Every structure is written in C-alpha cells, then in structure tokens.
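A short write-up of the structure that comes next.
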Amino acid sequence: MVPEPHEAKHWEKLADNKVRCLLCPRRCEVADRERGTCGVRENRGGEYRTLVWGRVCSENIDPIEKKPLFHYRPGTDAYSLAAPGCNIECLFCQNWEISQFRPEQIETWERSPADVASLCAERAIPTIALTYSEPVVWWEYGRDIAVAAKERGVGTVVVSNGYIEEQPLHEWCDVVSAIKIDFKAFTQRFYRDTCSGDLGPVLDTLGRIKDAGVWLELVMLVVPTLNDDEAEVRAMAKWINQRLGPDVPIHFTRFHPMYKLTNLEPTPVDTLEKCRDIALAEGLHFVYLGNVPRHPGENTYCPRSGEILIERAGYTILENRIVGGKCPCCDQSVPGVW
Ligand code: SF4
C-alpha cells in the first residue's frame, strides 16, 4: 500500500503539471503521478508530496558512539530512526534493505514527530538520531522531528551522505545539534562509479556545515582498491585541514563485503592505520579507526599533551577524562559538545 502523502517542501512548479524537486542536487524533474529518483517523493496533480512523513522503517536506541559521533555527549544514548529511501546508491550499502526500496515495498509504521520527541523527553534520552537510510530524502519528517525535539529540550543529530541543496541544509542547521557526513572518497570517480553520486556538492555541504557552526564529524569507509590510494587520502586530509580546520574528527572505518560489493575482502587493519597516519601527518587532530574494536585508534588523544582523554572499547566508554571541555593535564580545549 502506498503511504498517505504529506506536503513536501523545496520544489517548484513547471509547465504541464510537472515539478522540479530542489531538495538534493539531482533536481529531479517529475511528471504528474511520477516520482523522483529516490522513490519517496511524488507529483500529485502538479503538487509535490512526500510519501514517508511520519513513516518509520527502523528504530533503535543506540549509543551515540555508533553513529559514530565521538565528540558529542559521549556515553549517552540516541533514539535512532529511519524512514525509507536514499538519493544515491552505494554498492557497499549496509542498510540497502531500507534505503534502496520504495516505501510501499517495506514495512513501515507510524510515528509522529511529537510522539518521537515526547518519548525521548519522558525517558530522558538526550538525543534523536536521523540515521540508517538517507535523511535528506525524508527531510520534512526529520525537520519536524528536530523542531519538536528542540521544544522539549532534546537534541537531534543527522547521519547523512551530504548530498543536499543549500537551502534545506541551512534549515537543518537551524534546528539540529550535530551532523555526521559519510565522506565516501576524495574522487569524483568513486562517487560516480561506486555511489551514483557527485563529490562537488558534498564538499559544498561540508563547508556550509562548518560555516554554520554545527558540530561536524566525518566518516570514510575505506574500501580496498577503490578509495584507499594513499595520495588520495592525503589530498582529502589536506582539504579537510584547509577548509574545515584540524579539529573536525574523521573516522576511517573498516569495510566488510556487503550488498553489491561482495567480491572484495574486508579492509586490512594496516590500511586503516596508514590512513590514520597520513591524516595525522597532515595536521588533523582527531583521527579515529572504526569497526576495529579495542584498537588504540578508538581513543581520543589530546593534540597537545598526547594523553588519552576518552578511552573506548567499541561503543563503550571505558573512561572520559575531559574536564570542563579541557584536557586535565595541559588545559587544552577539546572541541565538541560535552
Ligand atoms: S530528493 Fe529525491 S526527488 Fe528530490 S531531487 Fe533528490 S532524488 Fe530527486
């Protein structure tokens, strides 16, 4: 059954009852009774509608470290939810069962933004995470959740591919507390061939989030032979340092064979360590390894004293020594939302 449509934002009318979606850089031109590429936004008689407002397909209470956000309220929980859909197709997608199907093809259930926000406020869950699929394509629902959450003193974080137009991004930045972007690679080749996306708009998004002052962390899933070239990783680290600054954390995470990319082996740990070494050598202060539990690269180190500030084992905080946002040894400020 096709879910009930809800008014969509960020689109314009065209001739012949067509519309143009202005939510993501695809800018789909959609004829009457057709949908955009993401399959969750439909033209109904010249009016654009979202089919996934208030429709959840996955929800869990996760540690915030699982997003991963390492400099945002460490050791706390995030009520994490998704509606169906995505605007790109990564061949290694871990959540393809909900991201790559139309809403009527998968099970969904109702959750109004007020219900989600009230549930978190009542259970003292400090954060809601818009995650698992791609929150860009269920923008209206996510925005309404963030507004309802803010009214109740609950924060909202977004986990996204960053493939979004400037105006809806600005409106996100007004109501959310942190954003984690999956920075797939530093080449258009990888974005085009492995993700059906574009690098340029993602770079624009990263700069805009930084300029808006919203807490930002990056994840790069390192896929053997496809985006693990050392020169490319160095160029990416240089760009991050120059455009975003050295304090934006980056997590290099381990790939496991998945979805349409099952012919490759998991990322060797020494490849991830090389990526980390390169990023540190380029001056980035907070460089993490992901999907390698108990690796020292899970910890947060003070960029000045070198002391361990937050010790982790997987998603568990073993010890948090940050005091008042500072290193207890040298008083160095540690950026983040503590
Ligand atoms: S959000 Fe969906 S409909 Fe809109 S431009 Fe992007 S892919 Fe097309």
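Which residues, taken from the stretch 108-138, are within 16 Å of the ligand (Cβ to nearest atom) and either touching a His at 6+ places or on another chain (Cβ under 7 Å) or of a type in the set (Val, Ile, Thr) (or both)?
First, the residues of the stretch 108-138 that are within 16 Å of the ligand (Cβ to nearest atom): 130, 133-138.
Across the stretch 108-138, the qualifying residues are 136, 137.
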Of all residues in the stretch 285-304, count the ones that are among the charged types (D, E, K, R) and surrounded by 14 or more Cβ atoms within 10 Å (Cβ to Cβ). 2
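This table checks each residue for (1) farther than 26 Å from residue 49 by Cβ; (2) surrounded by fewer than 24 Cβ atoms within 10 Å (Cβ to Cβ); (3) charged (D, E, K, R).
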| position | (1), (2), (3) |
| --- | --- |
| 97 | no, yes, yes |
| 120 | yes, no, no |
| 123 | yes, yes, yes |
| 130 | no, no, no |
| 139 | no, no, no |
| 145 | no, no, no |
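Kindly state which strands (runs of 3 or more DSSP E) lie completely within the stretch 23-73 and contain at least 2 residues that are surrounded by 18 or more Cβ atoms within 10 Å (Cβ to Cβ) and within 14 Å of the ligand (Cβ to nearest atom). Explain how you work it out, then say what you get.
Working: elements: 41-44, 47-50, 58-63.
Strands (runs of 3 or more DSSP E) meeting the threshold: 41-44, 47-50.
From the list 282, 273, 307, 265, pick out the single residue that is modelled with pLDDT of 95 or more and exposed (fewer than 14 other Cβ atoms within 10 Å of the Cβ). Steps first, please.
Values: 282 fails: exposed (fewer than 14 other Cβ atoms within 10 Å of the Cβ); 273 fails: exposed (fewer than 14 other Cβ atoms within 10 Å of the Cβ); 307 fails: exposed (fewer than 14 other Cβ atoms within 10 Å of the Cβ).
When all the criteria are applied, what remains is 265.
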Single unsatisfied condition, residue 97 versus (1) assigned to a helix (DSSP H, G or I); (2) more than 14 Å from residue 57 (Cα to Cα): (2)
Among the residues that make up the stretch 173-191, is at least one of them more than 30 Å from residue 110 (Cα to Cα) and within 16 Å of the ligand (Cβ to nearest atom)? yes
Confirm whether residue 238 is touching a residue at least 24 places away in the same chain (Cβ under 8 Å), out of contact with any helix residue (DSSP H, G or I) (no Cβ under 8 Å at 6 or more places or on another chain), in the same structural domain as residue 300 (by TED's automatic domain parsing) and not in a loop (DSSP other than H, G, I, E, B). yes
All but one of (1) within 17 Å of residue 158 (Cα to Cα); (2) more than 16 Å from the ligand (Cβ to nearest atom); (3) of a type outside the set (D, E, K, R) hold for residue 96, so report the exception by its number. (1)
Test: residue 187 is surrounded by 19 or more Cβ atoms within 10 Å (Cβ to Cβ), closer than 24 Å to residue 96 by Cα and in the same structural domain as residue 286 (by TED's automatic domain parsing): no
For the subset of the stretch 57-80 comprising residues that are without any contact (Cβ under 8 Å) to a residue 60 or more places away in the chain and within 29 Å of residue 25 (Cβ to Cβ), which member is nearest to the chain's Cα centre (by Cα)? 80
Going by the conditions given, is residue 20 in contact with a Ser or Thr (Cβ under 8 Å, 6 or more places away or on another chain), under 21 Å from residue 165 (Cβ atoms) and not assigned by TED's automatic domain parsing to the domain that holds residue 196? no
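The values are calculated or read from the model by the stated rules, or taken from the named source; none is laboratory data. These numbers were taken from a predicted model, which means no experiment stands behind them. Neighbour counts are summed over all protein chains in view; Cβ atoms, including those assigned to glycine, are modelled from backbone coordinates with ideal geometry.
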